[in-house]
1. Within the stretch 64-78, work out how many residues are out of contact with any helix residue (DSSP H, G or I) (no Cβ under 8 Å at 6 or more places or on another chain) and either surrounded by 12 or more Cβ atoms within 10 Å (Cβ to Cβ) or outside any helix (DSSP H, G or I) (or both).
2. Considering 73, 33, 15, which residue is more than 21 Å from residue 101 (Cβ to Cβ) and touching a residue at least 12 places away in the same chain (Cβ under 8 Å)?
3. Looking only at residues in the stretch 38-50 that are part of a helix (DSSP H, G or I), in contact with a helix residue (DSSP H, G or I) (Cβ under 9 Å, 6 or more places away or on another chain) and without any contact (Cβ under 8 Å) to a residue 24 or more places away in the chain, which one is surrounded by the most Cβ atoms within 10 Å (Cβ to Cβ)?
4. Against the definition (in a helix (DSSP H, G or I), modelled with pLDDT under 95, on the phi < 0 side of the Ramachandran plot and loosely packed, with under 13 Cβ neighbours inside 10 Å), how does residue 106 come out, yes or no?
């Protein structure tokens, strides 16, 4: 008898749960980041919504943090906003930390 026995269906269910959690956290991060970038560029109302949709869509087409950061930096440069890649990366980290902390609080409340 094997030392470890995995119920395949429960293992697959847990993996699916983890992947969905990662997907939704990434989507939430990208939405918050896009709203921040739109606000920094002075967009208002419908322009913010359009910018958020465009950034999220570009990430779905090519899921790459590098591409998303490059797009934001390019957009900022076109708007004559001086910002470094490190500042954008720090913003991403702070958003991820906030999402993680919120998830832990919600987990503890249950």
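1. From the stretch 64-78, those out of contact with any helix residue (DSSP H, G or I) (no Cβ under 8 Å at 6 or more places or on another chain) are 64, 66, 70, 74, 77-78; that's our starting set.
Add one more test, that the residue is either surrounded by 12 or more Cβ atoms within 10 Å (Cβ to Cβ) or outside any helix (DSSP H, G or I) (or both), and what stays is 64, 70.
The number of residues fulfilling the criteria is 2.
2. Values: 33 fails: more than 21 Å from residue 101 (Cβ to Cβ); 15 fails: touching a residue at least 12 places away in the same chain (Cβ under 8 Å).
Exactly one of 73, 33, 15 is more than 21 Å from residue 101 (Cβ to Cβ) and touching a residue at least 12 places away in the same chain (Cβ under 8 Å), namely 73.
3. So the first thing to find is which residues in the stretch 38-50 are part of a helix (DSSP H, G or I), and the list is 38-40, 46-50.
Checking which are in contact with a helix residue (DSSP H, G or I) (Cβ under 9 Å, 6 or more places away or on another chain) leaves us with 38-40, 47-50.
Narrowing the set further to residues that are without any contact (Cβ under 8 Å) to a residue 24 or more places away in the chain leaves 38-39, 47-50.
Working: 38: 21, 39: 12, 47: 12, 48: 17, 49: 13, 50: 12.
Across the stretch 38-50, the extreme among qualifying residues is 38.
4. Numbers: in a helix (DSSP H, G or I): yes; modelled with pLDDT under 95: yes; on the phi < 0 side of the Ramachandran plot: yes; loosely packed, with under 13 Cβ neighbours inside 10 Å: yes.
The answer is yes for residue 106.
The values are calculated or read from the model by the stated rules, or taken from the named source; none is laboratory data. As the structure is a computational prediction, the values presented were derived from the model and not from experiment. We place every Cβ from the backbone using ideal geometry, glycine too, and count neighbours over all the protein chains shown.
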